[in-house]
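Let me begin by presenting the structure, written as structure tokens, before commenting on it.
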Amino acid sequence: MSHIGFAILYNILNSCEGVAAQRVYSPWPDMEQELRESGASLCSLEEGRNLKDFDIVGLTLQYELSYTNVLNMLELGKIPLRSCDRSNSDPLILVGGPCAFNPEPLADFVDCVLIGDGEEAVVELCEALRASRAAGEDRKALLVRLSAIEGIYVPSFYQVSYKEDGSVASIEPQDGAPASVRRRFVKNLDTAPYPEAPIVPFMQTVHNRVAMEIARGCTRGCRFCQAGFIYRPVRERSPENVARIIDKALDYSGFDEVSLLSLSTGDYGCIEPLLKALMARYAEEKVAVSFPSLRVGSLTPELMEEVRKVRKTGFTLAPEAGTQRLREVINKGILAEDLVEASTSAYSLGWRLIKLYFMMGLPTETTEDLDGIVELATQVKRSGKGTQGGADVNVSVSTFVPKAHTPFQWEAQIGIEETVTRQRYLRGALTKKKLRLKWHEATMSFLEGVFARGDRRLGVVLEEALKAGCRFDGWGEHFNFERWEQVFASCGVDPEWYLRERLESEVLPWDHLDCGVPKSFFQQERHKALELTPTPDCRGGSCHGCGVCDFEELSMRLHDRSELDLPQPPPVVSASSSERFKVRIRLRKDGRARFVGHLEFMTFFHRACRRAKLPLRFSEGFHPHPKASFPDALPTGVESDAEIIDLELFAPLSGQEMEDRLNAQFPEGFRVMEAVRIPVKSPSPATSILETLYAVVLPEESPEDLPARIEAALAAQEIPVERMRKGSVQVQDLRANLLGLELSGGRLQLTLAKGSPLPLAGYLLGLDADGLRALRIRKLSVKLS
């Protein structure tokens, strides 16, 4: 849900006449088991359409360790795994994303690959599919048609041969395919569509906020960074356009946070005036503005002063290497003094934790470079000495994985044993300095390295890994390296061979895919790395001839620093007004909405209030929330006609206006039944509710002696039952809060002073946890003090 690329394409496709784009996600193992046992197909989120019934299935390749999930989704969707086994009636399997710049390990499983920016190409692909269907073409003719679209690569149209030593001998195009597939570019982000009405999830997702891409590409030229090369050139959205999209997205969604996204947000040409204007614009509405990627060289005092006002959690800096020599090798143009100066400023402005990101295993790395990590982290910690609240440092070290289309694509990757040795060395040295180390699992980095520069011969390994049960390999709790070792052995593939140093004269598996930067430039940069020769940022200097820009249609698009005057919101009574008003709302929650948990329900309600433009009062502090009081949590799966919520306002609204405004913002399953003004000092719903009436629809097989059980329960002084809670057995008295029980029209009605109806219903009906989850239970009413 947090992947902005999907959100962009979802918005574009659903804006096209005759196109319906829906989402599907890889199911967690428990859901996969349910699908396999029931024989059901993986289906879309929007309308439950089976995956195999779509015309196109598009998957994003963000991380090499997701490849088994890709195959698993196809299998669960009842789509033939290999492209050669698919018929005219099967969906077209399309992949894209950063890993698509070397999709060769998946070449046997995908029909086509979109290389580069997708905004325009996906529309052309849909039009080509429609034209092919109208012409009555078969699957191969369709692929020929698609291969003519710039940026579309059809793996089956390329024949790969290998030398005796295992390296690639040649990559020959077939069926009229081009010798090289050039990456697709969006030339101007200001003319490219961007979602102004983001999807608002019920559940808590990662990065659950308005995500605003302010720029694409980076000019820094860090030699290890694939993204810095495959997303060139830098194209910035105008600050006016950014502000307009943010305003519409906040209006539509009710989110309370905006994140400004790019590879290096601090490098955006007018980041300071933009950030200052946004924070001033949304201060009254308590909307936070944040950005995830700060670079030491872009941290001006003015920028840090603005960042200081945002919700402060951790402050992240990425020096990448511990010594100046190694930073020159990787072209990371920052000095240790700049980093310490930035950390000093951060601590003095109120941050308590600084996270430092490094890599180990970089080309030419020595023990001295590892010691440099320890020394630099120590200096950063020391820079916070004497600041209020103390200073803390977390050091995170990942293993360098050479990537395709970078100057280091020829370099060797260190193996598992060497990775663990260096991790232990760092941990020991940092522990002596009272610093914490986090690292990436050596076996995961190993597998990532195998597939990052892999070839088509790894396809059989992926297929066997799927059969062996490999799933969610990027998740530590599911990753099983022993299983992968067994698969490599059974397939006769030596994975360590893929970590070797390549010859510059060698044909690389991705040589027929053109990212816009020629191989000769990468070779030049590799030689400069070994000579410790920097390549300056081309943003403000001379062109280094990387080959991406043609300076006619495609070139950098930058926006110079200038003051930004955003339109202010319509004048309303200030939230700082001393006047207070309180409204009590009774809300219905039923249908599919009953599966929205209590915390998600609270977040949903807060966002609906924002969308409804209610004059909300907010709590104080760095995480302000609307002042709303909720009842005790309704068990997930239980419906309700009586969820009582108190909302505090700074301006008066009638109950009817509240009801109308909120219902206009509520999705199916939620509805305000009534809203009334109450005294400001009224007690909260949780303390006001004296009793609650629930109705349980009796299952088909109810106990024959249920009336006797009810009579016994009402006559009992206590009903002790054991239950597991937080890993220990506890005794609960079900009689303590029981006020009434009766059978009425096939329903069991329970009146409770407080607590959940589930334990008592399970006790009376003799049901286990699974049986309880199948019950239909509804909260009918509450009695208030």
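The values are calculated or read from the model by the stated rules, or taken from the named source; none is laboratory data. Values in this document were obtained by computation on a predicted structure and should not be read as measured data. Glycine also receives a Cβ, built like all others from the backbone with ideal geometry; neighbour counts cover every protein chain displayed. What goes into the accessible areas is simple: the full protein's heavy atoms, side chains included, and nothing from ligands, DNA or RNA. Shrake-Rupley method; radii C 1.70, N 1.55, O 1.52, S 1.80 Å.
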Of Thr406, Thr399, which residue is buried (at least 19 other Cβ atoms within 10 Å of the Cβ) and touching a His at 6+ places or on another chain (Cβ under 7 Å)? Thr399
Looking at segment 409-437, which of the residues that are surrounded by fewer than 14 Cβ atoms within 10 Å (Cβ to Cβ) and among the hydroxyl-bearing types (Ser, Thr, Tyr) is farthest from Gly361 (Cα to Cα)? Thr431
Filter result for Gly492 (open to solvent by 30 Å² or more (accessible area, probe 1.4 Å), over 30 Å from the mean Cα position of the chain (by Cα) and on the phi > 0 side of the Ramachandran plot): yes
Filtered residues of segment 98-132 (kept if out of contact with any Gly (no Cβ under 7 Å at 6 or more places or on another chain), open to solvent by less than 30 Å² (accessible area, probe 1.4 Å), closer than 24 Å to Gly217 by Cα and in a loop (DSSP other than H, G, I, E, B)): Asn102, Pro103, Asp117, Glu119
Output the residue which, of all residues in segment 178-234 that are touching a strand residue (DSSP E or B) at 6+ places or on another chain (Cβ under 8 Å) and among the hydroxyl-bearing types (Ser, Thr, Tyr), is surrounded by the fewest Cβ atoms within 10 Å (Cβ to Cβ). Ser180
Residues of segment 412-428 being over 30 Å from the mean Cα position of the chain (by Cα) and either modelled with pLDDT under 95 or not in a helix (DSSP H, G or I) (or both), in sequence order, are Ala412
Quick one: which of Glu320, Glu284, Glu328 is at pLDDT 75 or above, more than 29 Å from Leu189 (Cα to Cα) and open to solvent by less than 30 Å² (accessible area, probe 1.4 Å)? Glu320
Criterion (within 28 Å of the chain's Cα centre (by Cα) and under 17 Å from Thr387 (Cβ atoms)) met by exactly one of Leu317, Leu362: Leu317
Within segment 331-369, count every residue that is of a type in the set (D, E, K, R) and open to solvent by 60 Å² or more (accessible area, probe 1.4 Å). 6
Given the options Glu525, Glu531, Glu501, name the one that is closer than 28 Å to Thr419 by Cβ, of a type outside the set (A, V, I, L, M, F, W, C) and either surrounded by 14 or more Cβ atoms within 10 Å (Cβ to Cβ) or touching a helix residue (DSSP H, G or I) at 6+ places or on another chain (Cβ under 7 Å) (or both). Glu525
Could you grab me the full set of residues in segment 626-683 that are touching a residue at least 24 places away in the same chain (Cβ under 8 Å), in contact with a strand residue (DSSP E or B) (Cβ under 9 Å, 6 or more places away or on another chain) and polar (S, T, N, Q)? Ser629, Ser640, Ser682
Do we find that Glu164 is open to solvent by 20 Å² or more (accessible area, probe 1.4 Å), under 29 Å from Leu499 (Cβ atoms) and either assigned to a strand (DSSP E or B) or at pLDDT 95 or above (or both) in this structure? yes
What are the residues in segment 668-683 that are open to solvent by 50 Å² or more (accessible area, probe 1.4 Å) and not in a strand (DSSP E or B), if any? Glu668, Pro679, Lys681, Pro683
Residues (of a type in the set (Gly, Ala, Ser) and more than 22 Å from the chain's Cα centre (by Cα)) located in segment 29-83: Ser38, Gly39, Ala40, Ser41, Gly48, Gly77, Ser83
Name the residue, out of Glu648, Glu711, Glu620, Glu659, that is part of a strand (DSSP E or B) and among the acidic types (Asp, Glu). Glu648
Among residues of segment 761-782 being under 17 Å from Ala695 (Cβ atoms) and without any contact (Cβ under 8 Å) to a residue 40 or more places away in the chain, the residue nearest to the chain's Cα centre (by Cα) is Leu772
Restricting attention to segment 242-256, which residues are closer than 12 Å to Pro195 by Cα and either open to solvent by less than 30 Å² (accessible area, probe 1.4 Å) or polar (S, T, N, Q) (or both)? Val242, Ile245, Ile246, Ala249, Leu250, Ser253
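Hey, can you tell me all the residues within segment 455-488 that are within 30 Å of Gly322 (Cβ to Cβ) and among the small types (Gly, Ala, Ser)? Don't jump to the end; show me each part of the working.
Just the residues of segment 455-488 that are within 30 Å of Gly322 (Cβ to Cβ), to begin with: 473-476, 479, 481.
Gly474, Gly476 - these are the residues of segment 455-488 that are within 30 Å of Gly322 (Cβ to Cβ) and among the small types (Gly, Ala, Ser).
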Suppose the filter is among the aliphatic types (A, V, I, L, M) and open to solvent by 40 Å² or more (accessible area, probe 1.4 Å); does Met658 pass it? no
Arg237: closer than 19 Å to Val186 by Cβ, of a type in the set (D, E, K, R), modelled with pLDDT of 85 or more and buried (at least 20 other Cβ atoms within 10 Å of the Cβ), yes or no? yes
Just need a number here: residues in segment 77-97 that are over 27 Å from Tyr194 (Cβ atoms), part of a loop (DSSP other than H, G, I, E, B), open to solvent by 10 Å² or more (accessible area, probe 1.4 Å) and of a type outside the set (S, T, N, Q). 6
Go through the residues of segment 69-76 one by one and say whether even a single one is farther than 17 Å from Val460 by Cα, modelled with pLDDT of 95 or more and assigned to a loop (DSSP other than H, G, I, E, B). no
Examine segment 718-740 for a residue that is in a helix (DSSP H, G or I) and farther than 21 Å from Ser640 by Cα, and state whether such a residue exists. no
In segment 33-47, which residues are closer than 21 Å to His3 by Cβ and either of a type in the set (Lys, Arg) or touching a Leu at 6+ places or on another chain (Cβ under 7 Å) (or both)? Leu42, Cys43
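Results for (1) free of Cβ contacts under 8 Å to residues at least 40 places away in the same chain; (2) surrounded by 14 or more Cβ atoms within 10 Å (Cβ to Cβ), shown as yes or no for each residue.
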residue: Pro685; (1), (2): no, yes
residue: Thr692; (1), (2): no, yes
residue: Ala695; (1), (2): no, yes
residue: Glu704; (1), (2): yes, no
residue: Ala708; (1), (2): yes, no
residue: Ala715; (1), (2): yes, no
residue: Ile719; (1), (2): no, yes
residue: Gln732; (1), (2): yes, yes
Residues being touching a helix residue (DSSP H, G or I) at 6+ places or on another chain (Cβ under 7 Å) and over 16 Å from Thr692 (Cβ atoms) - total across segment 736-750: 1
How many of the residues in segment 375-389 are open to solvent by 10 Å² or more (accessible area, probe 1.4 Å) and outside any loop (DSSP other than H, G, I, E, B)? 6
In segment 506-558, residues that are assigned to a loop (DSSP other than H, G, I, E, B), in contact with a His (Cβ under 8 Å, 6 or more places away or on another chain) and within 30 Å of Arg456 (Cα to Cα) total 3
